[in-house]
1. With 195, 166 as the choices, which residue is within 16 Å of the ligand (Cβ to nearest atom), in contact with a helix residue (DSSP H, G or I) (Cβ under 6 Å, 6 or more places away or on another chain) and either under 13 Å from residue 350 (Cα atoms) or in contact (Cβ under 8 Å) with a residue 12 or more places away in the chain (or both)?
2. Among the residues of the stretch 311-326, are any outside any helix (DSSP H, G or I), within 22 Å of residue 390 (Cα to Cα) and touching a strand residue (DSSP E or B) at 6+ places or on another chain (Cβ under 7 Å)?
3. How many of the residues in the stretch 112-147 are part of a helix (DSSP H, G or I) and more than 16 Å from residue 60 (Cα to Cα)?
4. Test residue 184 against the stated conditions and say whether it is in contact with a strand residue (DSSP E or B) (Cβ under 7 Å, 6 or more places away or on another chain), within 16 Å of the ligand (Cβ to nearest atom) and over 30 Å from residue 276 (Cβ atoms).
5. Among the residues of the stretch 125-144 satisfying the criterion of being surrounded by fewer than 18 Cβ atoms within 10 Å (Cβ to Cβ) and either free of Cβ contacts under 8 Å to residues at least 60 places away in the same chain or within 16 Å of the ligand (Cβ to nearest atom) (or both), which is nearest to residue 6 (Cα to Cα)?
6. Among the residues that make up the stretch 373-383, is at least one of them in a loop (DSSP other than H, G, I, E, B), assigned by TED's automatic domain parsing to the domain that holds residue 74 and touching a residue at least 12 places away in the same chain (Cβ under 8 Å)?
7. Can you tell me which residue in the stretch 100-124 is farthest from the ligand (Cβ to nearest atom), limited to those that are more than 30 Å from residue 298 (Cα to Cα) and surrounded by fewer than 17 Cβ atoms within 10 Å (Cβ to Cβ)?
Ligand code: NI
């Protein structure tokens, strides 16, 4: 439907069937973060069959392939993540997970399958390419500190000009592509607060220091960090997600543990919030004579998409699916360790629509019934190829 002059359009005939079969194999054999041994071996063994790829294993469960074109030019890194989640699958199609309690519930099986197809197609075209392409099959996106930072530290994006990644999105209709320049995904940081009081008989609360009563106040006080202590124009979430204390009806326990997450975009906010949590916790505890121990664990950096690269990707997306199918993705408070690459190299991350209400594909990511419309895989492959083609024709590098 669109006028597009690309050596990759239309896709070779084998792609549609092959990408689905790779995806289904991966879906049946999910592995948790940092444990993707069989997945990495499967990817490596496929890459070895294709000409011109220099394959390495920067960590135990990741695979990187380098493809050099016939002429010098820029270096482009393409990234797919490969890990699954500790979720027991509740789907009933014939390629469900064969590993009890482990499931590809975020679409990373699809990401890996798409990048495999892209690597094969580009390897077949290597004599007509300039520059260098690095295919990053990354482990452990789901579990901080994440696989991306390990690969960055291993030098995987050294001398790379741009990095590009995609995520299949089950809540975005198949056919659409979601793009955003600037802040796209937040920093997912975590905290743990241990409240220490003085246990005792529940009938005589005045003789104890009741950590449950104090913890409960703290849960609501922490919300004032968002509503009263930080700028309302800065996006910020503080959620207590776990509150553990006590073991019976009539005993006031000694200590309580509160755990939670902080989501933010700005580094100034990110620096300020741990101090505010500590001050709040110490202050509330002090009123009742309790003490607190506050731990803050920094997660991934926020995903902030490079303006120029994002506009190039948007152009490519419009060529492929048409202007009306390219959607402005709103920023989200979820996290993604793609940001680790962006700390080094201009990068952009986009959503590939893979939802389909009519087909019942409506479950969110990380749901036991999550799946995606496999037609979305082809748009992902096409976008990877078109973006690469455009970037390799740039003068940088
Ligand atoms: Ni994901």
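The values are calculated or read from the model by the stated rules, or taken from the named source; none is laboratory data. Computed from a prediction, not measured in an experiment: that's the story for all the values here. FYI the Cβ positions are ideal-geometry reconstructions off the backbone, even for glycines, and counts take in every protein chain you see.
1. Going through 195, 166 in turn, just one is within 16 Å of the ligand (Cβ to nearest atom), in contact with a helix residue (DSSP H, G or I) (Cβ under 6 Å, 6 or more places away or on another chain) and either under 13 Å from residue 350 (Cα atoms) or in contact (Cβ under 8 Å) with a residue 12 or more places away in the chain (or both): 166.
2. yes
3. Qualifying residue count for the region: 16.
4. Values: in contact with a strand residue (DSSP E or B) (Cβ under 7 Å, 6 or more places away or on another chain): yes; within 16 Å of the ligand (Cβ to nearest atom): yes; over 30 Å from residue 276 (Cβ atoms): no.
When the stated conditions are applied, residue 184 does not pass them.
5. Checking each candidate, the answer is 127.
6. Going through the stretch 373-383, the residues in a loop (DSSP other than H, G, I, E, B) turn out to be 373-374.
Now restrict to residues that are assigned by TED's automatic domain parsing to the domain that holds residue 74: 373-374.
Cutting the leftovers down to touching a residue at least 12 places away in the same chain (Cβ under 8 Å) gives us 373-374.
Yes, because at least one residue in the stretch 373-383 is in a loop (DSSP other than H, G, I, E, B), assigned by TED's automatic domain parsing to the domain that holds residue 74 and touching a residue at least 12 places away in the same chain (Cβ under 8 Å).
7. 124
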